[in-house]
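*Asks:* Below you will find the structure I want to go over with you.
The values are calculated or read from the model by the stated rules, or taken from the named source; none is laboratory data. The structure displayed is predicted, hence computed values, not measured ones. Using ideal geometry, Cβ is built from the backbone for each residue, glycine included, and neighbour counts are taken over all protein chains shown. These area figures cover heavy atoms from the full protein model, side chains too; ligands, DNA and RNA do not enter into them. Shrake-Rupley method; radii C 1.70, N 1.55, O 1.52, S 1.80 Å.
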Amino acid sequence: MDRPPFLSNPFLVLQSRYLVLGTYVIVSGVVGFGYAFLGQAGLLPWRWTDPIAMPVQSIVIWTVLVLVIVSMSRDYDLNLHQVFGRERPRFSILYGLLLVASLLLFSMGSFSVLLYVLSLSFPDYAAKILETDLMPGGGNSSYPQLYNALMMCLLLVYAPLVEELVFRGILLQRWAMKWGLRWGVVTSSLLFGLLHFNNPVGLTLFGLVMGLLYVRTRSLWVPVLCHCLNNLAALGIDWLSKTTTPVDNPVTVEAIQQSWWVGLVLVLVALPLLWQFIRRSWPQPLDEIPYLLNEPKLAEKEKTPVG
């Protein structure tokens with residue numbers, strides 16, 4: 001006997017607003033308040049203002065978010081194996097590396113151009129953004145090695161896995177069922193970019209490419225891996241910048257204003273490959289979401305390579 005439609009496709013009834021607005025916002029508030037309370041009460045193994053608070057709280061919040069998704073999967077009969085899809089998708093590793101490299105160039109270039117535009121009207125805010133560090137405060141922590149280990153875990157494991165599960169695995173497919181696959185890809189990418197407010201343009205395009213990778217390969221492991229490689233490369237660039245830039249001569253707003261054209265060049269270099277990928281991978285109006293295509297019976301029938 002066939003299952004009812006909502007059981008065959010839980011994304012028809014799954015309420016994404018509770019996952020994004022409810023769970024994330026409420027858990028963030030509770031964890032932040034609880035951490036401050038424990039710190040003020042002297043129940044933490046470090047001072048409550050220690051920089052280690054950032055990775056600790058983020059890992060706790062995302063862990064709770066994953067537990068909520070697991071619980072939700074039981075309530076809605078959501079098969080997480082079906083969400084993640086193929087563990088060994090047929091996708092060119094070299095092409096994936098080229099995509100990640102192009103996304104990095106575009107992200108750095110768009111960040112530079114956006115910072116230039118901001119600096120014309122809000123120079124102080126642009127200066128604060130320039131001071132942003134991917135791994136801030138490690139040297140000021142009472143436990144610098146633990147801090148660095150947690151940040152590496154956060155950026156290279158938790159962020160790729162949890163963000164791809166939430167934005168591509170859940171939100172993209174839920175919104176695709178409401179507004180169509182194309183709008184599901186676009187809206188989930190826009191939210192992803194807006195939540196990364198320091199570089200919304202670059203991260204929106206990153207989210208768009210990750211979404212299309214998921215749709216194209218039907219495997220969430222592909223964007224997870226690309227996300228991990230992107231963060232690893234960004235960490236490497238951040239480390240290289242810190243080791244080659246003199247402490248007494250940091251990058252300034254004035255320097256950004258004088259070299260904004262370099263960012264534009266990076267964008268123009270990255271765009272051709274990214275545009276070609278987006279054009280070739282753009283969903284057709286009647287395309288199904290990956291979850292439905294990964295249904296075991298359909299997956300067994302389709303053995304054709306994906307890219």
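*Asks:* I'm told residue 78 meets every condition in (1) surrounded by 16 or more Cβ atoms within 10 Å (Cβ to Cβ); (2) assigned to a helix (DSSP H, G or I) except one. Can you identify the failing condition by its number?
*Replies:* (2)
*Asks:* Additional query: Tally the residues that are open to solvent by 70 Å² or more (accessible area, probe 1.4 Å) and under 11 Å from residue 146 (Cβ atoms), restricting the search to segment 37-59.
*Replies:* 1
*Asks:* Hand me the list of helices (runs of 4 or more DSSP H) wholly inside segment 240-307 holding 2 or more residues that are at pLDDT 70 or above and more than 18 Å from residue 208 (Cβ to Cβ).
*Replies:* Helices (runs of 4 or more DSSP H) meeting the threshold: 253-258, 260-281, 290-293.
*Asks:* Taking segment 35-51, which residues are of a type in the set (A, V, I, L, M) and in contact with a helix residue (DSSP H, G or I) (Cβ under 6 Å, 6 or more places away or on another chain)?
*Replies:* Scanning segment 35-51 gives a single hit, 44.
*Asks:* Are any residues in segment 175-217 assigned to a helix (DSSP H, G or I) and among the aromatic types (Phe, Trp, Tyr), and if so, which ones?
*Replies:* 175, 179, 183, 192, 206, 214
*Asks:* Could you tell me which numbered condition residue 90 fails, if it satisfies all but one of (1) over 22 Å from the mean Cα position of the chain (by Cα); (2) in a helix (DSSP H, G or I); (3) modelled with pLDDT under 90; (4) not hydrophobic (A, V, I, L, M, F, W, C)?
*Replies:* Looking at each condition in turn, residue 90 falls short on (2).
*Asks:* Can you run down the residue pairs with Cβ atoms below 7 Å, 6 or more apart or on separate chains, where the first is in segment 261-288 and closer than 18 Å to residue 100 by Cα and the partner is loosely packed, with under 15 Cβ neighbours inside 10 Å?
*Replies:* Once the first residue is closer than 18 Å to residue 100 by Cα and sits in segment 261-288, its partners that are loosely packed, with under 15 Cβ neighbours inside 10 Å give 273/98.
*Asks:* Mind listing whichever residues of segment 119-130 are assigned to a helix (DSSP H, G or I) and either closer than 21 Å to residue 220 by Cβ or open to solvent by 40 Å² or more (accessible area, probe 1.4 Å) (or both)?
*Replies:* 120, 121, 123, 124, 125, 128, 130
*Asks:* Looking at 159, 101 in this structure, which one is small (Gly, Ala, Ser), within 29 Å of residue 86 (Cα to Cα) and either modelled with pLDDT under 95 or open to solvent by 60 Å² or more (accessible area, probe 1.4 Å) (or both)?
*Replies:* From the options 159, 101, the qualifying one is 159.
*Asks:* In the list 293, 274, which residue meets the criterion of being under 26 Å from the mean Cα position of the chain (by Cα) and surrounded by fewer than 17 Cβ atoms within 10 Å (Cβ to Cβ)?
*Replies:* 293
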